[in-house]
1. Where the accessible area of the stretch 112-270 is counted over protein heavy atoms with a 1.4 Å probe, how much of it, in %, is carbon and sulfur?
2. What is the P(r) of the stretch 72-137, as percent of Cα-Cα pairs per 10 Å bin from 0?
3. Suppose all protein chains stay in the model; what accessible area per residue would a 1.4 Å probe give for the stretch 110-243, in Å²?
4. Cα convex hull of the stretch 132-270: how many Å³ per residue?
5. When a/c is below 1.5 the answer is rounded, else prolate if a/b is larger than b/c, else oblate, so apply that to the stretch 193-270 with a ≥ b ≥ c taken from the square roots of the Cα gyration tensor eigenvalues.
6. Under a straight-distance cross-link criterion of Cα-Cα below 17 Å, which aspartates and glutamates are reachable from K215, leaving out those fewer than 8 residues away in the same chain?
7. Taking a quarter of the surface of the convex hull around the Cα atoms of the stretch 83-193, what do you get in nm²?
Amino acid sequence: MKHLLIIILAIGCAAVLFLGNAHWNERTGLSKQDPVQERKGSDPDTKTSKAEAPSSTSKITLEEFEILSKNWPDAAKKQFELSLQKEEPFKIALAGSEALGNETNGWARLTKAELEKAYGADSLEVVIQTYKGTSMDFSAENKAKELAALKPDLILLEPLTLNDNGEVRIEDSHTHISNWIETVKAENPEAVFIIQPPHPIYQASYYPVQVEELKKYTETNDIPYLDHWAAWPDPQGEEILNYLSEEGDVPNEQGHLLWSKFVNEYFISK
């Protein structure tokens, strides 16, 4: 009888505990499945995937590319289309002297941001390479190998023309450019070059001759030439000083904005 009483009391305690727990769950709105749903909503991996979802929109379609790239060389268009098919980013290198600017107001940084925004960061990558010295220094230090190692598909090159002023003969400067192109193409035969001059400066005499000869060089060698000088005020007039630093040797913020706007309008047709 004593054992039976103990068993009845144990069953009674278990029943009380079960009913109490059920009542508590009912009041708090919890069920055995609720914690699983809660974890799904707060799973770090789930949050990451949601945050990364917009990355799919950072890829451009072929139709969108054809509209934006109207000014591009045909060879570069074909390479970009191949990159889209391979789902690999097309790489553009902006290379030249320190006239490309710094990280805050340089035209190259401004252009990089606009290009990656327009074409999608997953479809296009822009790298910036600045160099000191003359074209002769560039060749002597084998900087073309460094440029080639980036494996760019398109190179917008400002070939240190202003740095060469009074230091390197025009003919030699052009020879260096040809050698750089050969070096890059040895690594990537499909690489496309576009050449642009550095910025204009106030009332220069010999420098405009260098720039004109650079343009002739590109025409002779069938290289696209980006003539952004057309967007600047007359270098012989004082208005040009509003776009240059106090020393007059590099663009100021306004000059970088002007330069970037021209390059952007070339690469991004609207």
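The values are calculated or read from the model by the stated rules, or taken from the named source; none is laboratory data. On a predicted model such as this, the values are computed, not experimentally measured, just so you know. Keep in mind that these areas ignore ligands, DNA and RNA; they rest on the heavy atoms of the full protein, side chains included. Shrake-Rupley method; radii C 1.70, N 1.55, O 1.52, S 1.80 Å.
1. 46 percent
2. With 10 Å bins starting at 0, P(r) equals 20, 43, 27, 10.
3. With all protein chains present, the stretch 110-243 gives 46 Å² per residue.
4. 121 Å³
5. Here the stretch 193-270 falls in the oblate category.
6. Straight-distance partners of K215: E158, D164, E171, D172, D227.
7. 7.1 nm²
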